[in-house]
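Data first, discussion second: the structure below is written as C-alpha cells.
The values are calculated or read from the model by the stated rules, or taken from the named source; none is laboratory data. All values reported here derive from a predicted model rather than from experimental measurement. So basically every Cβ, Gly included, is an ideal-geometry build from the backbone, and we count neighbours across all protein chains shown.
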Number of protein chains: 2
Amino acid sequence: MNAFVYDIPTKVYFGENQLKNLGAELSKFGKKVLLTYGGGSIKKIGLYDKIIEEINKAGLELYELSGIDPNPRVSSVNAGADICKKENIDVLLAVGGGSVIDCTKYIGAAAYYDGDAWDILLKKVPVKKCLPIITVLTLSATGSEMDAGGVISNPETNDKIGLIFPVMQPKVSFLDPTLTYTVNKFHTACGAADILSHIFEVYFSMDQDLYMLDCVMEGLMKTVLKYTPVALAEPENYEARANLMWASSWAINGFINGGKRQAWSCHPMEHELSAFYDITHGLGLAILTPRWMEYTLNENTVSKFYQFGVNVFSIDESLPQMEVAKQSIDLLKEFFFETLGLQSTLTEIGINDANFNIMARKAATLGSTKYAFQPLAAEDIEKIFRMCL
Amino acid sequence: MNAFVYDIPTKVYFGENQLKNLGAELSKFGKKVLLTYGGGSIKKIGLYDKIIEEINKAGLELYELSGIDPNPRVSSVNAGADICKKENIDVLLAVGGGSVIDCTKYIGAAAYYDGDAWDILLKKVPVKKCLPIITVLTLSATGSEMDAGGVISNPETNDKIGLIFPVMQPKVSFLDPTLTYTVNKFHTACGAADILSHIFEVYFSMDQDLYMLDCVMEGLMKTVLKYTPVALAEPENYEARANLMWASSWAINGFINGGKRQAWSCHPMEHELSAFYDITHGLGLAILTPRWMEYTLNENTVSKFYQFGVNVFSIDESLPQMEVAKQSIDLLKEFFFETLGLQSTLTEIGINDANFNIMARKAATLGSTKYAFQPLAAEDIEKIFRMCL
C-alpha cells in the first residue's frame, strides 16, 4: 500500500436553487468574469438567463466565450486565454459539461502564458498558476467539476491529450441535478459509461490498496447501474439524476485512488478513437471496455473480475472464479448495449481498421501502460481495437 | 432529498514517512507553533522527538501544552488559549487522538476571545476565527482530524458539549497508520465502536437521501467489521490499521451526510455517560447502540435494519424483514462484546441507575432529537439507559 496526499479543496453546492450563491462566490475572486459555454443548450434550458441575472445582481462585469466543442479544441483555449489577457479577467465561470470545464481549465492556465496553449499540453511549459475557476455542471460524466485534469484535442495533428495540474482544480462547483433533466438518452448513457470507466480504471488493479476504497468503488458502480436506466426511462427523476451526478464527481476526484499508482488503460485507447473520429468519449469507452476486459482476463487477473462480479453484479459467489468473471463481462455488455442502448461495435459507428496501427502506437506512448492492470503494448492495443469491429 | 454544501478543505498526508512535510506545512502559517498533546504516550513511541526534529529543521519557534485529558476539559482550552494570546502563536499542532484535536480546535477559537472558553460551548459568543490547526493523528476513532467539530467536558457542571464551527476545520492532517500500532486492544476496540457509531448516526434514517451514500456507508461499516479483529490480533498489521484510520476520517467528515438533516441519537446519550462517569466514549457507544437499536426497531423502521442486515452482515435477504433486523442487532452485539471483547453492560463498568433520570433529561435537551431516526423523549432515553444495566 502506497502513501498518498488527499487534497480536494473544491467546494460543492449540490441541489436545486443553489445558484443564488453564485454571485457571492464569484465576487470572492474579483469583478471581471469570463463566462465559457458550448453550443447554446444552456440558453434553451433557461440557465444562461439565470446566470446572467446572478452576475448582474452581484454587480460583476461579464465577458463571454461560447462555442466550445465537445472534445474541446486548443483553438478555444487560445481564444479564451486571449480574452483573459486583453480584459484582465479575474475569474472563469464554466457552464456546461466536461468539455467546457476542461477547456476552461486550460484557458485559466494559458492566461499566464504568452505562446500557443498547445505548448502546455505538450508539457513544454510548466503550469504553476491558473485563474480561479467556478463551474456550473450540466452533464454527469467527466467529473471535471471536482478534479484538476482536462483533455484537449488538436484536430490539426489528430492529437487528444489529457493532463492534470493541481492549480486547475475548480474552486467552487454548482451541481444541480435538475440541470441534467434535458440531457438526451444517448448522452445520459455515454455519461454513465464514462463514470463507470473512471472507476474501472482504478478498480481493476492487482495492486491491492485500501479495501475500504474498493467498497466505495463498488458502491459507486452499483449506483450507476441502478440509476442510469431510471434516468433513461424518467429523465426528470431527481433521485436518479442526483445519484448519477454525485457519483460522477466521486468517480474521478482522486478519493478512490488512495495510494494506487494505477495507469489507465481504456481512456488512452478511447482518446485515440475520439482524436481520429471525433466520437463521443463515453460511447468509445462503452465499446472498448468489455473487449479490454476480455483481453486482460487471465489466471492472474481473474480474482479481480470475480470480486467485481460478486460484489457489483451479485453473481453467485460459489461459482468458479473464471465463470463469475466471464459472466460479469457479459453483464456489463448487456448493460451498455441493451439496457443503455449504445452501439456495440466500431463498425456500427462507421470506424474501420484503417488507423488502428497508428492509433495503437499513439495510445501505447501517450497513455502510460506502466503500472497498468495488464501492461499493453501497441500490438495488444491494436488487437483490442480489432475485437471492437 | 435535500440540498447541501460539500466543503472539506483539509489536506491529508496519508501513510508512513510523511512527517517530512510537516515543517513546510507549518511554515505556511507562521513561525510560532503551539504543540498540544496528552499524557506523554507520544514520547514513548518516539513521535515527540520526530516532531521536534521537524520543527527545528524548519526553524520554527516551539511552545507546548501537554496533559490534555481524554474527554478534554475546558481548563485545558483556557490554558492553551492563554499561551496563544501571551506568545502570539501563529499555528497549532495537535498530536494525539480526538481528545487532543478537539481541545486544540477550541484553543484556536478561544485565542480570539477574552473570557472563559466555556462561553463558546454555551454559544454565548460566536466563533468566527480560529488559529490554523495541523494535526498528527495517533488514534483511529473520532474523525476530528478531518472535521470541524469538537467535544469539551466541564467536570464542575458534569457537562459535555459538542459543537461544530467551520473555522475550526484542520488545515492539514497527517495520518500515519503505523502511529496506531501501539494502541492497545481496548482503545482499538473503542475506536472501532466510535467509527461505527458515527456511520450509524447517519445511516439509520428514514429520510432517504442518496443511495450512493448508503453504499459508501455500508462499505465503511464492512471495513471496520473486517479489519478491527485483524488489528486486535496483529497490532502491527499495516493494512488493518490503514483501513481503520482512513475509515475513521470518512465516517464523520461530512461526506456521507449528503443532504440528510439527521439528528444524532446515541452520541448525546453517551456524552451524558462520559460526563457523569468519565468512561471511554467508544465503550459507552458500544453498550448503548444495540439497545438503542432494539428500542427503535419497529414496523416503521424495520426496512432500514433489513437493509443493514443484508448489505453489511450478508444476512439471507429472503428471510422476513423483522428476522433480518433482529439478527443484525444480534450480530452487532456479538461483534462488540465477543469479537472486540468490550464490556456489554453499564453494570459491569460500575454504573447504576442513580443518575439516569437527570442524564436522560440532559440528553433529550442537549442532543436535538428532532429529525432523529426515532424521536426520543427523556423517558425513552431513560428506558434505553435501563436496558444497558
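Of the residues making up region B:223-237, those that are in contact with a helix residue (DSSP H, G or I) (Cβ under 6 Å, 6 or more places away or on another chain) and not β-branched (Val, Ile, Thr) are B:TYR227, B:PRO229, B:ALA231, B:LEU232, B:ASN237.
The selection criterion, being of a type outside the set (Val, Ile, Thr) and within 10 Å of chain B (Cβ to nearest Cβ), does not hold for A:GLY284.
Restricting region A:223-281 to residues that are closer than 30 Å to B:TRP250 by Cβ and in contact with a His (Cβ under 7 Å, 6 or more places away or on another chain) leaves a set whose member that is surrounded by the fewest Cβ atoms within 10 Å (Cβ to Cβ) is A:ILE252.
Residues in region A:203-212 that are among the aliphatic types (A, V, I, L, M) and at the interface with another protein chain (Cβ under 7 Å from one of its Cβ atoms) were compared, and the one that is nearest to B:ALA251 (Cα to Cα) is A:MET212. Only one of the numbered conditions (1) surrounded by fewer than 17 Cβ atoms within 10 Å (Cβ to Cβ); (2) within 14 Å of chain B (Cβ to nearest Cβ); (3) not in a helix (DSSP H, G or I) is violated by A:SER173, and that is (1). Kindly list the number of the only condition in (1) assigned by TED's automatic domain parsing to the domain that holds A:PRO268; (2) of a type in the set (A, V, I, L, M, F, W, C); (3) without any contact (Cβ under 8 Å) to a residue 60 or more places away in the chain that fails for A:ILE164. That leaves (1) as the condition not met. Considering only region A:12-25, I want to know if a residue exists there that is farther than 30 Å from B:ASP176 by Cβ and away from chain B (no Cβ under 14 Å). Within region A:12-25, one or more residues are farther than 30 Å from B:ASP176 by Cβ and away from chain B (no Cβ under 14 Å).
Among the residues of region A:313-344, write down those that are part of a helix (DSSP H, G or I) and either of a type in the set (Asp, Glu) or within 15 Å of A:ALA193 (Cα to Cα) (or both). Result: A:GLU323, A:ILE329, A:ASP330, A:LEU331, A:LEU332, A:LYS333, A:GLU334, A:PHE335, A:PHE336, A:PHE337, A:GLU338, A:THR339. Restricting region A:273-312 to residues that are of a type in the set (Ser, Thr, Tyr) and assigned to a helix (DSSP H, G or I), the residue that is nearest to A:GLU382 (Cα to Cα) is A:TYR295. May I ask you to list pairs of residues, at least six apart or on different chains, whose Cβ atoms are under 6 Å apart, with the first in region A:248-266 being away from chain B (no Cβ under 11 Å) and the second being acidic (Asp, Glu) and in a helix (DSSP H, G or I)? Short answer, once both residue conditions are applied: A:TRP264/A:GLU201.
I'm checking my understanding of the structure. Among residues of region B:213-247 that are under 21 Å from B:ALA3 (Cβ atoms) and in contact with a Cys (Cβ under 9 Å, 6 or more places away or on another chain), which one is nearest to the other protein chains (Cβ to nearest Cβ)? Among residues in region B:213-247 that are under 21 Å from B:ALA3 (Cβ atoms) and in contact with a Cys (Cβ under 9 Å, 6 or more places away or on another chain), the one nearest to the other protein chains (Cβ to nearest Cβ) is B:CYS215. Within region B:190-204, the residues that satisfy the criterion of being in contact with a helix residue (DSSP H, G or I) (Cβ under 7 Å, 6 or more places away or on another chain) and not charged (D, E, K, R) are B:CYS190, B:GLY191, B:ALA192, B:ALA193, B:ILE195, B:LEU196, B:SER197, B:ILE199, B:PHE200, B:VAL202, B:TYR203, B:PHE204.
Return yes when A:LEU92 is part of a helix (DSSP H, G or I) and either surrounded by fewer than 22 Cβ atoms within 10 Å (Cβ to Cβ) or in contact with a Ser or Thr (Cβ under 6 Å, 6 or more places away or on another chain) (or both) and no when it is not. Answer is no for this residue. On the stretch given as region B:140-164, residues that are under 10 Å from the mean Cα position of the chain (by Cα) and either closer than 17 Å to B:GLY38 by Cβ or hydrophobic (A, V, I, L, M, F, W, C) (or both) total 7.
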